[in-house]
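Chemist: Just dropping this structure here.
Nothing in this text is a laboratory measurement; each read-out follows from the coordinates by a stated rule. Fair warning: this is a prediction, and the values are worked out from it, not measured in the lab. No Cβ is skipped: glycine too gets one built from the backbone with ideal geometry, and neighbour counts run over all protein chains shown.
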């Protein structure tokens, strides 16, 4: 029998081990665990952190899920949301993890259903529980649909346009953002967004047929370079798109969250894309520019450091050291 309950502080170490196994890190486990454990201790105070255990397996953690509260989202954004924006944030389901040997036993569904009930019984003011999942992760999509979730929008999707061809701006639901932005028209990703997820050969074919696609803006306010910064496959096309755009490449364009393409690459630890052209976005993108709608969030460098995305942080360190810029006090050269 699977039992889902709030994570106790005594279970924090076991949960950190599960997360390391599910979301691998570049660092040795002994270096990763202390920071993960401290972060989890803080999150236990403001988020719903649930674990699934089994009496038959001596109470070992089989899986976990976390619901990010609006307050935690504000912390992640570096305090970038105004009080009005904060009031519109929705709780966000994240970090669903199931131990490899426990998969296929309904653990994931039990965790998601428990998370939904935890939000319903909480004092969150939001109308929805939101989550983000890659469209190609069909198993996860089916799981969330079984639990009652519906696809409201996607990042990099087709934009609804009026009779004049102008993008319609209105309420959007990509990830945990309920602020105004390009409205999803349905029909999935744009041709270029889908191609980016397929790799450079697919991107070349789209650009040959539709050269102007490189300059498109999609749902979430995402440019093609933003979409490159969302996946391992996508980052392989970053240099190609920079080449196609040439001097017109707007490497400082912000999406509906106030993130630049480089900040998207940094938050997803995509070092190849971040270093496209030999330097961070060919030296034109600032890795120290704050993110967020009001410019108060973490920079690409700070995002890489906070999330311990060391491959990308190494790119930024090398860029600085080549220019004689000293590393922050206490930071070790990677």
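Chemist: What is the spin-label model distance, in nm, from residue 21 to residue 233 if the labels are put 7 Å beyond Cα along the C-beta direction?
Modeler: 2.8
Chemist: Any idea what the relative contact order of region 152-334 is, in percent, if you count C-alpha pairs under 8 Å spaced at least 6 apart?
Modeler: Contact order relative to length: 15 percent.
Chemist: Relative to the compact globular guide of 2.2 N^0.38 Å, what is the alpha carbon radius of gyration of region 1-151, as a ratio?
Modeler: Normalised Rg, Cα atoms only: 1.05.
Chemist: Further, regarding this structure: Which whole-number percent is the relative contact order of the chain (Cα, under 8 Å, 6+ apart)?
Modeler: Relative contact order here is 12 percent.
Chemist: What full-extension length gain, to one decimal in nm, is calculated for residue 163 and residue 82 as 0.36 nm per residue of separation minus the Cα-Cα distance?
Modeler: Between residue 163 and residue 82, full extension yields an extra 25.8 nm.
Chemist: What percent of all Cα-Cα pairs in region 28-102 falls in each 5 Å bin, counting up from 0?
Modeler: Each 5 Å bin holds this share of Cα pairs: 3, 14, 18, 20, 19, 13, 7, 5, 2, 1.
Chemist: Taking 22 Å as R0, compute the FRET efficiency from the Cβ-Cβ separation of residue 208 and residue 253 and round it to 0.05.
Modeler: 0.40
Chemist: Once the Cα atoms of helix 107-120 and of the chain are each reduced to a long axis, what angle between those two axes, in degrees from 0 to 90 to the nearest 10, is obtained?
Modeler: 90
Chemist: Now a separate question. Would you compute, from DSSP H runs of 4+ residues alone, the mean residue ellipticity of the chain at 222 nm, taking -39500 (n - 2.57) per run and dividing by the full residue count, rounded to the nearest 500?
Modeler: -10500 deg cm²/dmol
Chemist: Follow-up question, since we're still on this one. Using a Förster distance of 41 angstrom, determine the FRET efficiency expected from the C-beta separation of residue 171 and residue 308, and round it to 0.05.
Modeler: 0.75
Chemist: Let me ask another. I want to check the label-to-label distance for residue 75 and residue 318. Put each point 7 Å from Cα in the C-beta direction and report it in nm to one decimal.
Modeler: Placing both labels 7 Å along Cα→Cβ, they lie 3.4 nm apart.
Chemist: Now, a different point. Please give the residues of region 67-97, grouped as numeric ranges, whose backbone N is less than 20 Å from a label point set 7 Å along the Cα-to-Cβ vector of residue 296.
Modeler: Under 20 Å, as judged by backbone N against the label point of residue 296, lie 69-91 of region 67-97.
Chemist: Using a simple spin-label model with points 7 Å from Cα along the Cα→Cβ vector, what separation in nm is obtained for residue 117 and residue 245?
Modeler: 4.7
Chemist: So if each residue of separation counts as 0.36 nm, and I subtract the Cα-Cα distance between residue 284 and residue 146, what length gain in nm does that give?
Modeler: Answer, rounded to one decimal: 45.2 nm.
Chemist: Starting from 0.36 nm per residue, how many nanometres of slack lie between residue 60 and residue 38 once their C-alpha separation is accounted for?
Modeler: 5.8 nm
Chemist: Further question on the same structure: So if we plug the beta-carbon distance of residue 334 and residue 46 into 1/(1 + (r/R0)^6) with R0 = 30 Å, what FRET efficiency do we get, rounded to 0.05?
Modeler: The value I calculate is 0.45.
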